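**Student:** Mind having a look at this structure? Questions to follow.
The values are calculated or read from the model by the stated rules, or taken from the named source; none is laboratory data. These numbers come from a predicted model, not from an experiment. Neighbour counts run over all protein chains shown; Cβ positions are idealised from the backbone, glycine included. The accessibility values were calculated without ligands, DNA or RNA, using every heavy atom of the protein model including side chains. Shrake-Rupley method; radii C 1.70, N 1.55, O 1.52, S 1.80 Å.
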Amino acid sequence: MKKVWPKIFPALYGFIIYGTLRVVNDTMGKGFKFWERPLYINVIEFITVVIVGYIFTYIIRVQERKYFNDDASELTLKRAGKELLSVVCIALLVVYCTIIPMAAVTDDGLSLSDLVQITIIPTLYIVLYFAIRRGNFYIQAFVQSKLKLQQIENDRLNSELNFLKEQFSPHFLFNGLNNIYFQMDQSVPEAKKSVEKLSELLRYSLYQDQQKLVDISKEIEFIQLYAEVHKVRKDDNLELRVDLKDIPGKIYPHLLIPLVENAFKYVEGKKPFIEMKLREESGYAVFTVFNSKRAMKTDDLTRSGIGLNNLRRRLDLLYQQNYDLEILDGDHTFEVVLKLPVQ
């Protein structure tokens, strides 16, 4: 049907023009009813107007090739007026070379009312058709433009997230290797186990797509494994309290671990402790990390290193404003609460 329609549409288009002209003419009381006229006259008029229909549609295609292009944003009132004037002039030229001569030799000749009708009606039809085609082109161009902009934005976000991931992975690897280095002085077998655990952590962090949601249970496993690797370097009296509820649902990966990493980095005190909690609250996963620290202010987010700086940026990219990150910096404790929507 898609291949046939362009071939039959011009004939239908001409028939509509002819029908409109006949209806207007026969209702003006001139006494010429098309069904009362000789058949050959109706046939001549109909064939002429159908030919005009094909000429008009050809004109539209020529104008489309001339004016329609991908740079739809450059449309101005002046340009639209120029296009419209061009179509009207060509339409009038066609009408005055075909329909007007035909009307002059049929019935009682060409009257003033015939001239006005034949000038206005076909011209209005071609202008209407051109306007519909032009509007449809601009709608499609607008949609394509929005899709291109969306693709560009997605590519930009992917590039930025990949850049942040590349920063996160070496930072994460450096901390892990540093821990294993100190552990080797105490127990080589335990250091080997830490290497195996670190390889599992790296495998998850490197090959997990940053823009694909993962089960929260996967992030919990990642946090628990991370805590096991990094606890080794800390003092034996470090108290690690872990209460991670297995919440059904998905979140974006690697958004919780920077908080854990930050806690292990700054934890200090006579009785050092790190407390991690994960709970569900009204469709949100609430992750809390609470740790002891020295009796001085921990650097704020803008100076606390790659981990937390990247976390803030990644949260903005992935969740826009639909998240909450709260920092509570006390004299001897440091607490971070991250609230993410569960999907």
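**Student:** Please find, within segment 107-123, the residue that is modelled with the highest pLDDT out of those that are within 17 Å of Ile44 (Cα to Cα) and either among the basic types (Lys, Arg) or surrounded by fewer than 16 Cβ atoms within 10 Å (Cβ to Cβ) (or both).
**Tutor:** The residue in question is Gly109.
**Student:** Can you find a residue in segment 210-219 that is modelled with pLDDT of 75 or more and open to solvent by 80 Å² or more (accessible area, probe 1.4 Å)?
**Tutor:** Start the filter on segment 210-219 by keeping residues that are modelled with pLDDT of 75 or more, which leaves 212-219.
Right, trim to open to solvent by 80 Å² or more (accessible area, probe 1.4 Å) and you get 212, 218.
Yes: one or more hits.
**Student:** Going residue by residue through segment 152-159, is there one that turns out to be exposed (fewer than 15 other Cβ atoms within 10 Å of the Cβ), within 31 Å of the chain's Cα centre (by Cα) and modelled with pLDDT of 75 or more?
**Tutor:** No; the residues of segment 152-159 include none that is exposed (fewer than 15 other Cβ atoms within 10 Å of the Cβ), within 31 Å of the chain's Cα centre (by Cα) and modelled with pLDDT of 75 or more.
**Student:** Ok, one more. Could you tell me how many of the residues in segment 38-47 are open to solvent by 30 Å² or more (accessible area, probe 1.4 Å) and part of a helix (DSSP H, G or I)?
**Tutor:** Here is the first cut: in segment 38-47, the ones open to solvent by 30 Å² or more (accessible area, probe 1.4 Å) are 38-40, 43-44, 46-47.
Add one more test, that the residue is part of a helix (DSSP H, G or I), and what stays is 39-40, 43-44, 46-47.
Selection size over segment 38-47: 6.
**Student:** For segment 238-290, what are the residues that are open to solvent by less than 70 Å² (accessible area, probe 1.4 Å), in contact with an Asp or Glu (Cβ under 6 Å, 6 or more places away or on another chain) and free of Cβ contacts under 8 Å to residues at least 60 places away in the same chain?
**Tutor:** Phe273, Phe290
**Student:** Here's something else I'd like to know. Inspect all residues belonging to segment 221-230 and state whether any of them is of a type in the set (A, V, I, L, M), at pLDDT 85 or above, closer than 20 Å to Asn310 by Cβ and assigned to a strand (DSSP E or B).
**Tutor:** Here is the first cut: in segment 221-230, the residues of a type in the set (A, V, I, L, M) are 223, 225, 227, 229.
After this cut, where a residue has to be at pLDDT 85 or above as well, the list is 223.
Filter again for closer than 20 Å to Asn310 by Cβ, leaving 223.
This time we only want the ones that are assigned to a strand (DSSP E or B), so: none.
No: zero hits.
**Student:** Just checking, does segment 60-68 include any residue being part of a loop (DSSP other than H, G, I, E, B) and at pLDDT below 80? Talk me through it step by step, then tell me what you get.
**Tutor:** Initial filter on segment 60-68 (part of a loop (DSSP other than H, G, I, E, B)): 68.
Then keep just the ones that are at pLDDT below 80; that gives 68.
Yes, that holds for at least one residue.
**Student:** What tally of residues in segment 319-329 results from selecting those that are surrounded by 13 or more Cβ atoms within 10 Å (Cβ to Cβ) and more than 14 Å from Leu259 (Cα to Cα)? So that I can check it myself, show each step before the final result.
**Tutor:** Quick first cut of segment 319-329, residues surrounded by 13 or more Cβ atoms within 10 Å (Cβ to Cβ) only: 319, 323-325, 327, 329.
Next cut, more than 14 Å from Leu259 (Cα to Cα) only: 319, 323.
Count: 2.
**Student:** Does Ile90 meet the test of being open to solvent by less than 60 Å² (accessible area, probe 1.4 Å), at pLDDT 75 or above and of a type in the set (A, V, I, L, M)? Don't jump to the end; show me each part of the working.
**Tutor:** Working: open to solvent by less than 60 Å² (accessible area, probe 1.4 Å): yes; at pLDDT 75 or above: yes; of a type in the set (A, V, I, L, M): yes.
For Ile90, the condition - open to solvent by less than 60 Å² (accessible area, probe 1.4 Å), at pLDDT 75 or above and of a type in the set (A, V, I, L, M) - is met.
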